[in-house]
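Quick note: the coordinates plus some simple rules give every number you see, no bench work behind them. Values in this document were obtained by computation on a predicted structure and should not be read as measured data. Every residue, glycine as well, gets a Cβ built from its backbone with ideal geometry; the counts of neighbours run over all protein chains shown.
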Amino acid sequence: MMNRMGKDIVAEFEKAYHLPNPELHERFEFREIRVEETDQAAEMEYICFPPNEACTREMMAERIAKAPEMFLVAVDRETGKLAGFLSGLSTDEERFRDEFFTDAGLYDPDGKNIMLLGLNVLPEHRGQGLARELMYLYLRREQENGRREVFLTCAPDKIEMYRKMGFQDEGISDSTWGGSLWHDMRCVIRR
Ligand SMILES: CC(C)(COP(=O)(O)OP(=O)(O)OC[C@H]1O[C@@H](n2cnc3c(N)ncnc32)[C@H](O)[C@@H]1OP(=O)(O)O)[C@@H](O)C(=O)NCCC(=O)NCCS
């Protein structure tokens, strides 16, 4: 479970924030997505991101159909509705490229790495550690699945958030998604 630096990043993340948070597990169920939740996920994408950055319903539907196991959703146990989700695709590629957003055909179930494609929490559920819990559970699950590295792109104002989740800033990305400026971030979860 050690990375190249001899550190288990996921274990450090777990320890630093006393994860998992039992209170959140009482209120939310964490599991892979179901096809019938496609509309909720697509709608949440437009609530969480401006239209130029949001994945279209079509892209989301394709990703859910091809790789439901690469999603982790938090379902409000009271309402049965999605409160947040994290999604990605596994691949043997080692560099993020925007085609991962648009082409779920790039999914390689046995891929050693993960390209994360979206972390979304609905406004009414923010500020309670749900994004952190989703990231922790996702990294733990994929570490157990034998994955090595996890990549994402983020806006400059999210670098600190992801740094606290165990990611390193790799500088300005080649990504031009939505015409914005992005940073590449990387987390080594296994040697
Ligand atoms: C960003 C987002 C996922 C955070 O969800 P959340 O459940 O409120 O986050 P958490 O409560 O788990 O907070 C985790 C940490 O991130 C920080 N954080 C939360 N929202 C943040 C934001 N908008 N900008 C910067 N840091 C943020 C928190 O301060 C917290 O840090 P702490 O350890 O110092 O307390 C949510 O606001 C969202 O969906 N935003 C729109 C979509 C988005 O921007 N996604 C990220 C794309 S790069």
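Below, the figures for the structure above:
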read-out: Cα centroid separation, the range 1-44 to the range 167-191 (Å); value: 20
read-out: Fewest-first ranking of 18, 125, using other Cβ atoms within 10 Å as the exposure measure; value: 18, 125
read-out: Alpha carbon convex hull of the range 1-111, projected area averaged over orientations, nm²; value: 8.6
read-out: Residue among 134, 96, 182 farthest towards the positive dipole end of the chain, charges placed on Cβ; value: 134
read-out: ³J(HN,Hα) computed for each position of the range 105-118 - Karplus, 6.51 cos²θ - 1.76 cosθ + 1.60, integer Hz, glycine/proline x; value: x, 6, 5, 10, x, 8, x, 7, 10, 10, 9, 7, 10, x
read-out: Whichever lysines have a C-alpha closer than 21 Å to that of residue 15, once near sequence neighbours (fewer than 8 apart) are set aside; value: 7, 164
read-out: Those GluC sites (Glu not before Pro) in the range 68-109 that DSSP places in a loop and that have at most 15 other beta carbons within 10 Å; value: 78, 94
read-out: Fewest-first ranking of 27, 163, 190, using other Cβ atoms within 10 Å as the exposure measure; value: 163, 27, 190
read-out: The chain shape via C-alpha gyration tensor axes, a/c threshold 1.5; value: rounded
read-out: Highest-fluctuation residue, 111, 166, 84 considered, GNM on the chain with Cα pairs under 10 Å; value: 111
read-out: Structure-based [θ]222 nm, the chain - -39500 (n - 2.57) summed over DSSP H runs of at least 4, per residue, nearest 500; value: -8500 deg cm²/dmol
read-out: Among 50, 109, 20: highest mean-square fluctuation, GNM of the chain, C-alpha pairs under 10 Å; value: 50
read-out: Gained length - residue 69 relative to residue 23, 0.36 nm times residue gap less alpha-carbon distance; value: 14.1 nm
read-out: Relative contact order computed over the chain (Cα-Cα under 8 Å; 6+ residues apart), in percent; value: 24
read-out: Charged-residue dipole, Cβ positions (Lys, Arg, Asp, Glu), the chain about Cα centre, Debye nearest 20; value: 680
read-out: Shape call, the range 1-60: gyration tensor on alpha carbons, a/c limit 1.5; value: prolate
